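Novice: Before we start, here is the structure in question, set down as structure tokens.
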Amino acid sequence: MLRRSLLLAVMFVASLPLAQEPPAPSLQRQFTVPLRDGRVQADEFVGALFTAYELDGEALRVPAVRIDLRGTTGLLLLAGSRKLLLDTVRFRRDFAQAQLLVTIDRERAREVRRDLRAALAQFAGRLAGEDASARRYELALPQSLDPARPLCVLVHGVESDPGMWDDLRAFLGAEGRRVQVATFAYPNDEAVERSAAELSARLRALGPQPVALVGHSLGGLVARAVVEDPALDPGNVRTLVLTGVPNGGSNLAGFRIGLEAAAVLRDAGGAETYARELLAAVVDHWRDGLGEAGGDLFPGSVCLARLAARERNPKVDYHLVLGTRSVLREEQLAEVQKAVRAALGDRSLAKVVRPKLERWLADLDELRDGAGDGAVSVARGRLPGVEPVLVPLDHLGLVRLRGLLGRVEKPDEHPVFVRIAEWVTAAKK
């Protein structure tokens, strides 16, 4: 019974994404647990696992008993634990140093979570009579292409579609500019690398046609993966424009209000409604005790670590635009933080995630006016080697005439539209 409880605790922790940290080349986390006469203390083992994930192991009552890891029995126990955890964790006994070395493979854990989500989606699709495994990607091109002029390909963000580009597309295609515009559509819940591979294949099919990629939010990460991964680089991208892209992740990733939810809340009362909805979402999310939302957009994710390890593409002109108009003033943000702590109170599972919760609450620049755009903070939107252009617009307003917190009346006065037109038309042939 004890061993089963211990393994369940290990499964709970290992199913969570790792804590935010500087990306390691191996994308692994290692720690050691002391052995005494070849035995591991159950509470110390679980406590070490929880600490590795910034959780409070003291909030769980684990018996202070020792489990013998010596001999074949101990080896089989650890082997069984590894298989139970789907090979996301490796154990090595070091009796000479009296310690158990634990290695958590973040990449493998990500693959397991993705496979489980895919299986669940397929199962749900069958119940609904739909093929949920079918993934649709589309590069919608103009009727005719001029190979002498750059093609501007717009890549939308999460929980969105090509329709979000209507304002910018009309502006770029207007008389006097007549920019060639295409849009790339991809499944919102797909991994960045998968969507990037699909976009890369379609750009390769264009041959030498010069391309300018414009990505918003998650779409910017997809575009970056295309030009910065040598295996995906189609060779015809001349310009990359990143608008409101969480290059370092977003602390709002994974909540049901997501990154594009501003579009929904915009018509429901503005900043005050946004703050109330945020509070409700946060309390609901943290109450279940699972802590992190995970996913490619969360700071410290495997996807972001891979992107951070790559150099800028020297054949591509980079441009970065970040918004500084957000929903909460400093004092309003402090009230939200206080309300979240009060709402969770002393709930048992909330105690487990308290360390993560406190770190998360202390770093919400995405929501602070002047420091973020309501979804992406200026600090986490920065990209080494690229000087950002800061504009007083919110996340949606970066690429639309009407945003969450106001609107630009005339397209010619939109600071991002004007810059994108200049950058695209100046793209190298």
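The numbers here are math on the coordinates, done by the rules we state, and not lab data. Note that the coordinates shown come from a computational prediction; the quantities given were computed from them, not determined experimentally.
Novice: Once you have the Cα-Cα distance between Asn188 and Arg36, take 0.36 nm times their residue separation minus that, and quote the gain in nm to one decimal.
Specialist: Additional length available on full extension: 49.8 nm.
Novice: What is the gain in length, in nm to one decimal, between Leu145 and Lys410 on full extension, counting 0.36 nm per residue of separation less the C-alpha to C-alpha distance?
Specialist: Net length gain for the segment: 92.6 nm.
Novice: Continuing with this model, one more query. The stretch 160-221: D in µm²/s via Stokes-Einstein (Kirkwood Rh, Cα pairs, 20 °C, 1.002 mPa s)? Display every interim value, and only then the final one.
Specialist: Values: Rh = 13.0 Å.
Estimated via Stokes-Einstein, D reaches 164 µm²/s.
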